[in-house]
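**Q** The following block contains the structure, expressed as structure tokens.
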Amino acid sequence: MSLNELYREVILDHYRAPRHHNHLDSPDGSAQGNNPLCGDEVTIELNLNGDRVSDVAAIGVGCSISQASASMMSEAVFGKTREEIDELVRKFKVMMAIEESAEEVVDPDRPGSALGDLEALQGVRKFPVRIKCADLPWITLEQALESAE
Amino acid sequence: MTDLAHIRSDFPILQEEMNGHPLIYLDSAATSQKPTAVIDAISGFYQKTNANVHRGAYTLSDTATDLYEEARARVAGFINADRREVAFNRGTTSALNQVAYGWGLNNLEPGDKVLLSLMEHHANIVPWQLVSRHTGAELIYAPYTDSYALDVDALESLLDENVKVVSITAMSNVLGTINPIRHIADAAHRAGALMVVDAAQAVPHMTVDVKQMDADFLAFSGHKMLGPTGIGVLYGKLDLLEAMEPAEGGGEMISDVQLDSSTWAEVPHKFEAGTPPIAEAIGLGAAVEYLEKLGMEAVRSHEIDLTAYALDRLGAIQDLTIYGPTDVETRGGAVAFTLADIHPHDIATILDQQGIAIRAGHHCARPLARSLKAPATARASFYVYNIRSDVDALVDGLEKAREIFGVA
């Protein structure tokens, strides 16, 4: 297991300079997620234009993995439809081995290859105790989307 | 300095590897490792003398009862208590819940106050919160000073006649701070309050004498002092234990049971409902015997030496902040720190890959973490089996963390 696989440059970049890191004025949906065992916290806020996420905020405190995951996720969902986001969430969970996949996985060595920047998080899979860190923003995103309905 | 390096071979787990490196265990404030003497006592009990206690009309049960009660006597002697003043339970959490529910629930009223400190573990906060919901008592908190000592002056100014319980840790599991319990107990008693002591971190690491402390109740756990999990101790002054209601009912703790009421067994059995953790109590007895052989003065002096070395070496790392007293005479061997902008979980993962086990997070003390403005810290903690080279490995590991995170 290589620490360099876990702490890729892009992860450290998102940790230190998180994107979409300002609260929205009056979000259509929001949710707070936290991991009571380790204290990581993430707040996701979003605005919808019809079915499409027109704006998003991901704000939190926690480890590099949770906060980079939130930041990368916010970039990935910006401008996407609910359906596209569902697909993204599914691909993410398959990459992280949180959900089993019956089909696809284009390249077994790179299960996240369809996810762009987010692929950088696939190193986390080899550190089972940290998967929950990477997953926290995604669980919170689903709750924020539900609250907007 | 007392060199305890020779005892490392008593701890089989120290021969193990973690992630391809020799295990360097720096998380004894969470749970300690176990010497062969303790492991053998537990397995020996199951192999040769296992039976339920205080029940059987046969020799094996009598032997098990003797071993269980011998363990109680040994533990009582270790803290200078009478054996009737030592009730076994699951651990510190269980013991503090017994005081909160057994004494607090029956004696606290609206307008009463329970005085805690900002450096308490959740186990010494949440039971009082639960009981205050029923009693209407208010919880108040004494702060700590800029140098991470309990602010005793502030504590005393909070101690008015409405305070009925003062419940304070003898040694902080995060800051390492050793609190002046006797001084606080005297102040509590002058104000007419009970003194409850969370001694989970103190009993394993220093001489604890309940009479010298003048503690009314005192709680600690077996697993942090070389013993097994699932066993803990509630000490209480005899008259207080005799007057206190049990928090749990069931078998073994009764004298007689009628259809709508019961009478209780003598102390301490009235606080030991159900089949107790027998093997665990015997294991704890073996742990106490082991510690007595080392001598608690030697344990303390070993840890003072190691902590001084750790504070020295960690303090030399750039951008590293230590949260706790700098004077080793006033602190134990739990050293909480942060390093630059590297999150403690990331520090823990990087150290883990080098075989080094530390704790990261809020250490079950979120009010303290919030007040420190450090929602998470990394914590290295030492015990009898740690040596200076463990500290060296920690320092090397932290340099690696700086490198990975590109901290100049």
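What follows is calculated from the coordinates using simple rules that are stated; it is not laboratory data. All figures in this text were calculated on a predicted structure; none of them were measured in a lab. Reconstructed Cβ throughout: ideal geometry from the backbone, glycine too, with neighbour counts over all protein chains shown.
**Q** Taking 2.2 N^0.38 Å as the expected size of a compact globular protein, what ratio does the Cα radius of gyration of the range A:3-147 give against it, to two decimals?
**A** Computed over Cα atoms of the range A:3-147, the ratio equals 0.98.
**Q** Could you state the per residue volume, in Å³, of the convex hull enclosing the Cα atoms of chain B?
**A** Cα-based convex hull of chain B, divided per residue, equals 136 Å³.
**Q** A further question follows. Out of the chymotrypsin sites (Phe, Trp or Tyr not before Pro) in the range B:86-182, which ones are loop residues according to DSSP with at most 14 other C-beta atoms within 10 Å?
**A** none
**Q** Give me Rg over Rh for the range B:50-101, both radii from the alpha carbons and Rh done the Kirkwood way, two decimal places.
**A** Ratio of gyration radius to Kirkwood radius for the range B:50-101: 1.06.
**Q** Could you list A:Ser74, A:Ser69, A:Ser26, A:Ser54 so that the one with the fewest beta carbons within 10 Å of its beta carbon is first and the one with the most is last?
**A** A:Ser26, A:Ser54, A:Ser74, A:Ser69
**Q** Within 10 Å of each Cβ in A:2-9, how many Cβ atoms from other chains are there, averaged over the peptide?
**A** Mean shielding by partner chains, rounded to a whole number: 3.
**Q** For a test of the definition: using alpha carbon positions, the gyration tensor, and the 1.5 limit on a/c, classify the range B:8-115 as rounded, prolate or oblate.
**A** Because a/c hits 1.5 or more and a/b fails to exceed b/c, the range B:8-115 counts as oblate.
**Q** State which entries of B:Lys34/B:Lys373; B:Lys211/B:Lys270; B:Lys237/B:Lys270 exceed 25 angstrom in Cα-Cα distance in the structure shown.
**A** B:Lys34/B:Lys373
**Q** Now for a different question. For chain A, set up a GNM with springs between Cα atoms under 10 Å and report which of A:Ala97, A:Ala58, A:Ala134 has the largest fluctuation.
**A** For chain A, modelled as a Gaussian network with Cα springs under 10 Å, the answer is A:Ala97.
**Q** Would the protein assembly as shown count as rounded, prolate or oblate if I go by the C-alpha gyration tensor, calling it rounded below 1.5 in a/c and otherwise prolate when a/b exceeds b/c, oblate otherwise?
**A** Prolate, because a/c is 1.5 or more and a/b exceeds b/c.
**Q** Turning to a different aspect of this structure: In the range B:256-352, with Lys and Arg counted as +1 and Asp and Glu as -1 at Cβ, which of these residues, B:Pro268, B:Gly332, B:Gln258, has the Cα nearest the positive end of the dipole, that is, farthest along it?
**A** Positive-most Cα among the choices belongs to B:Gly332.
**Q** Along Cα→Cβ, 7 Å out, is where each label goes; now give me the distance between the ones at B:Ser9 and B:Asn107 in nm to one decimal.
**A** Going by the 7 Å Cα→Cβ label model, 5.1 nm.
**Q** Test of understanding: ordering B:Val233, A:Val53, B:Val328 by Cβ neighbours within 10 Å, fewest first, what list do you get?
**A** The most exposed by this proxy come first: B:Val328, A:Val53, B:Val233.
**Q** Right, here's the next one. Alpha carbon centre of the range B:97-160 versus the range A:65-92: separation in Å?
**A** 44
**Q** Right, next: With labels modelled as points extended 7 Å from the Cα through the Cβ direction, what inter-label distance (nm, one decimal) is found for A:Asn4 paired with B:Ala357?
**A** According to this spin-label approximation, the distance is 3.0 nm.
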